[in-house]
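Below: the structure, in structure tokens.
Derivation of every value follows stated rules applied to the coordinates shown; laboratory data play no part. In this text the structure is predicted, and so the values were computed from the model without any measurement. Neighbour counts are summed over all protein chains in view; Cβ atoms, including those assigned to glycine, are modelled from backbone coordinates with ideal geometry.
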Amino acid sequence: MSDAVVPHRVEPNAAAARSGTSWLKRALDSDIFYSFRRSRMTMVAAAITVLFFLLAIFASQLSVQNPFDPAQLQLMNSRISPLWTAEGQSPFLLGTDEQGRDVFSAILYGLRISLVVGVLGVILAGTLGITLGLIAGYVGGAVDGLIMRIADVQLTFPAILIALLVNGVAKSVLGNRLDAMSTLGVLVIAIGLSFWVQYARTVRGSVMVEKSKDYVAAAQLIGLPAPKIMLRHVLPNTMGPILVIATINLALAIITEATLSFLGAGMPDTMPSLGTLIRIGNNYLFAGEWWIVAFPGIALAGLILSINLLGDWLRDALNPKLR
Amino acid sequence: MLAFTLRRAIQAIGVMIAVGVIAFSMFRFAGDPVNQIVSLDTPAAEREAVRKSLGLDDPVPVQFVRYFTNAVQFKFGVSYQFRQPVSNLLMERMPATLELAACATVLAMVFGILMGVYSALRRDTILTKFFQAVSLIGISLPTFLIGILLIYLFSVTLGWLPSFGRGDVVRIGWWTTGLLTLSGLKALIMPSITLGLFQMTLIMRLVRAEMLEVLRTDYIRFARARGLTTRAIHFGHALKNTLVPVITVAGLQFGSVIAFAIITETVFQWPGMGLLFVQAVQNVDIPIMAAYLLMVSLIFVTINLVVDILYTIVDPRLRSTISRPA
């Protein structure tokens with residue numbers, strides 16, 4: 001973290017600064033952590049987000065079956081209602097769907113896919129946006145003009161439209177029958193290409209400000225190459241806003257993936273994400289089997305809401321104007 | 001002013017040409033169009049004949065010019081799945097989408113402004129807290145989940161509203177409208193709410209923020225000092241000044257309303273352009289995808305251009321800054 005982001009009120013003493021515990025102490029002493037402790041809503045949101053990540057990581061340990069493995073599904077067990085209802089059956093806590101898939105296990109595995117696609121998508125978008133933003137801001141001139149014009153044009157189009165188009169084109173180039181893993185890759189690329197603009201604009205803005213500062217001139221004077229100055233010296237000073245964008249973008253990326261899967265342009269039924277589960281469940285809504293769609297829906301909404309709350313808090317906490 | 005308008009218009013045309021290049025490359029290079037038209041066991045000679053008849057063996061620039069001149073005349077080729085001209089399909093479905101988008105926008109504006117004004121004037125009431133909770137939900141819940149929730153409530157449980165389709169439509173020339181029949185209006189309610197909720201949240205937050213800002217300014221204090229009624233101050237002076245950004249945002253958002261209609265139309269099986277586009281993506285029907293991209297871009301670019309120009313007319317303060325390259 002740069003000093004622009006975490007202004008330390010207490011200067012840690014030199015002896016403590018060398019040991020590992022002092023790093024933790026500094027983090028606990030920081031303004032950010034103070035504002036985190038002050039907001040109960042944020043703590044709850046953080047706890048729920050962490051819980052979702054843990055559920056996704058330990059999905060195979062926590063679930064009663066592997067919902068991606070057709071051999072483990074039995075049609076005998078199809079359309080069982082949740083455990084607390086009259087027709088509920090152990091071990092199917094949240095009931096089963098048409099194929100005898102345990103809804104709870106399917107949610108855990110689906111959550112894993114949604115989070116993997118979301119995180120990878122944000123990383124791709126961030127890498128792309130930060131690189132282009134650094135180049136545009138540092139080099140300037142015609143390169144800057146070209147990159148920012150592309151960004152302007154793309155910004156007028158909603159991300160979901162771009163993601164759908166990328167998805168459709170990829171399917172057309174690679175053939176319509178993609179296996180589940182390639183679909184996952186296509187989704188990550190579609191999300192990455194839809195969300196890079198905001199990073200590029202923010203980084204470019206910060207770089208333009210930082211570029212005129214003395215430390216950059218000093219680095220240029222001692223003969224450091226431009227890429228090194230950009231990555232080691234300028235980039236760390238732009239990380240605050242990027243962190244905020246990345247958090248809010250994670251929620252957006254998860255929504256985009258879920259929407260694509262819901263529209264039938266994302267993860268296939270054999271390897272469902274939360275969005276796919278909702279699409280499948282939606283077909284049984286009129287038959288009265290509400291649990292097939294309700295629980296994946298609640299999981300998705302809870303995940304997005306808690307990440308959004310975290311992002312909101314982070315934006316306020318990192319904004320020096322609001323202190 | 002004229003120079004500004006001209007520059008923006010040229011920029012808009014540039015964007016449309018760029019989108020045209022993308023649409024053309026999708027059409028031409030994403031998969032072989034011939035394979036989509038002929039069957040699997042068509043002999044090679046026949047394939048060549050089809051290729052020639054479509055002009056696919058011409059040089060690429062020639063093909064591009066032909067595609068572009070056709071597109072300008074709203075000829076987008078033939079759909080792979082429906083075997084019909086894409087322009088017919090789009091024209092048939094455009095009224096449904098535009099009607100839905102217009103209803104959603106009106107709904108979002110009316111309720112967004114009302115809720116925004118109320119929550120700015122009465123900051124600590126329960127109703128304001130409720131509005132803020134609704135706005136958080138509007139931003140956090142994916143559109144399709146809201147749609148499913150509404151269907152479950154009003155179609156499955158209560159049975160009040162239809163869950164799919166447009167109901168009975170009346171044909172006026174080539175335009176079809178659901179606004180004139182009872183079943184058409186009933187069918188419009190849930191999709192409009194689903195589509196408008198996000199915009200409503202956006203407008204509500206914007207109006208609230210703008211109102212709070214305006215209420216702190218000197219001219220409002222002066223109006224109070226003049227002894228005007230609170231009502232005149234709030235609605236005659238304060239609200240009026242918040243409306244310029246609101247109308248701008250609502251105008252700019254109309255494009256994304258049309259794009260987001262893709263999701264709403266899928267949930268409610270609304271026979272509009274969005275549903276057509278989703279089916280095209282699922283079935284890799286490139287001519288429809290390319291045509292939809294061109295149509296939506298045209299709408300976006302036109303709206304952006306009009307809003308930009310209107311904005312400088314409405315707000316003279318911007319005119320001094322527009323000389324710098326945007």
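Only residues of segment A:89-105 count here: report those whose backbone N is under 11 Å from the spot 7 Å along Cα→Cβ of A:Ser78, or say none.
Taking a point 7 Å out along Cα→Cβ of A:Ser78, the residues of segment A:89-105 whose backbone N falls under 11 Å are A:97-101.
For B:Thr230 and B:Ile17 in one chain, what is 0.36 nm times their gap in residues minus the Cα-Cα distance, to one decimal in nm?
71.5 nm
So which DSSP H runs in chain B come out at 24 Å plus along the axis (Cα) with average Kyte-Doolittle of at least 0.5?
Helices meeting the span and hydropathy rule in chain B are B:2-29, B:86-121, B:182-215, B:240-267, B:286-314.
Among A:Thr270, B:Thr69, B:Thr194, which comes first, then next, by fewest other beta-carbon atoms within 10 Å?
B:Thr69, A:Thr270, B:Thr194
To check my understanding: the extent here is largest minus smallest coordinate of the Cα atoms along each principal axis. What are those three numbers for the protein assembly as shown, in Å, largest first?
79, 72, 68 Å, listed from the longest principal axis down.
Place a point 7 Å from Cα of A:Val143 in the direction of its Cβ. Which residues in segment A:226-270 have their backbone N less than 11 Å from it?
A:226-227
With point charges of +1 on the Cβ of Lys and Arg and -1 on the Cβ of Asp and Glu, referenced to the Cα centre of chain A, which listed residue (A:Thr42, A:Leu174, A:Ile222) lies farthest in the positive direction of the dipole?
Positive-end residue among those listed: A:Ile222.
I'm a student and want to see the number: the projected area of the Cα convex hull of segment B:2-72, averaged over all directions, in nm².
That works out to 5.5 nm².
So if I place +1 on the C-beta of Lys and Arg and -1 on the C-beta of Asp and Glu, and nothing else carries charge, what would the dipole magnitude of the protein assembly as shown be about its Cα centre? I want it in debye, nearest 20.
2240
For chain B, modelled as a GNM with alpha-carbon contacts under 10 angstrom, which of B:Met295, B:Met273, B:Met109 fluctuates the most?
With Cα springs under 10 Å in chain B, the top fluctuation among B:Met295, B:Met273, B:Met109 is at B:Met295.
What distance in nm lies between label points placed 7 Å from Cα along the C-beta direction at B:Val134 and B:Leu56?
Roughly 5.3 nm, to one decimal.
Within a 10 angstrom radius of each residue's Cβ in A:259-269, how many Cβ atoms of other chains show up on average? Whole number is fine.
The mean count of partner-chain Cβ atoms within 10 Å per residue comes to 4.
Do you know the relative contact order of segment B:156-302, to the nearest whole percent, from alpha carbon pairs under 8 angstrom that are 6+ apart?
Relative contact order comes out at 21 percent.
What distance in nm lies between label points placed 7 Å from Cα along the C-beta direction at B:Asn241 and A:Asp31?
Output for this residue pair reads 3.1 nm.
What average count of beta carbons from other chains do you get within 10 Å of the Cβ of residues in B:271-277?
Mean number of neighbouring Cβ atoms from other chains: 1.
Picking from B:Glu210, B:Glu48, B:Glu92, which is most flexible by a Gaussian network model of chain B using Cα springs under 10 Å?
The residue with the greatest mean-square fluctuation here is B:Glu48.
Taking 0.36 nm per residue of sequence separation and subtracting the Cα-Cα distance, how much length would be gained by fully extending the chain between B:Ile313 and B:Glu48, in nm to one decimal?
Residue separation times 0.36 nm, minus the Cα-Cα distance, leaves 89.8 nm.
Quick one: helix A:180-211 against the long Cα principal axis of chain A, what's the angle to the nearest 10°, folded into 0 to 90?
Compared with the principal axis, the helix lies near 20 degrees.
What ranking do A:Glu87, B:Glu99, B:Glu265 get, fewest neighbouring Cβ atoms within 10 angstrom at the top?
Fewest-to-most ranking of A:Glu87, B:Glu99, B:Glu265: A:Glu87, B:Glu99, B:Glu265.
Once the principal axes of the Cα atoms of chain B are found, what is the range along each, listed largest first in whole angstroms?
That works out to 87, 58, 37 Å along the principal axes.
Over the residues of segment A:78-154, compute the C-alpha Rg and express it relative to 2.2 N^0.38 Å.
With N residues counted in segment A:78-154, Rg over 2.2 N^0.38 Å equals 2.05.
Report, in degrees rounded to the nearest 10, the 0 to 90 angle that the Cα long axis of helix A:291-318 makes with the longest principal axis of chain A.
10
Counting only other residues whose beta carbon sits under 13 Å from that of A:Val119, what net charge do I get with K and R as +1, D and E as -1?
That sum, taken over residues with Cβ under 13 Å, equals 0.
Take the alpha carbon atoms of chain A, find their radius of gyration, then divide it by 2.2 N^0.38 Å using N residues; give the quotient.
Scaled against compact globular proteins, the figure is 1.18.
Select from A:Gly264, A:Gly133, A:Gly145 the residue whose mean-square fluctuation is largest in a Gaussian network model of chain A (Cα-Cα springs shorter than 10 Å).
A:Gly145
Sorting A:Val216, B:Val110 on the 10 Å Cβ count, fewest up front, what's the list?
B:Val110, A:Val216
Using a simple spin-label model with points 7 Å from Cα along the Cα→Cβ vector, what separation in nm is obtained for B:Gln84 and A:Leu174?
Distance between the two pseudo-spin positions: 3.2 nm.
Among the lysines in chain A, how many pairs, 8 or more places apart or on different chains, have alpha carbons under 26 Å apart?
Going through chain A pair by pair, I get 5.
Rounded to the nearest 10 degrees, what's the angle between the helix A:40-57 long axis and the longest principal axis of chain A, both from Cα atoms, 0 to 90?
Between the helix axis and the principal axis of chain A, the angle is about 60 degrees.
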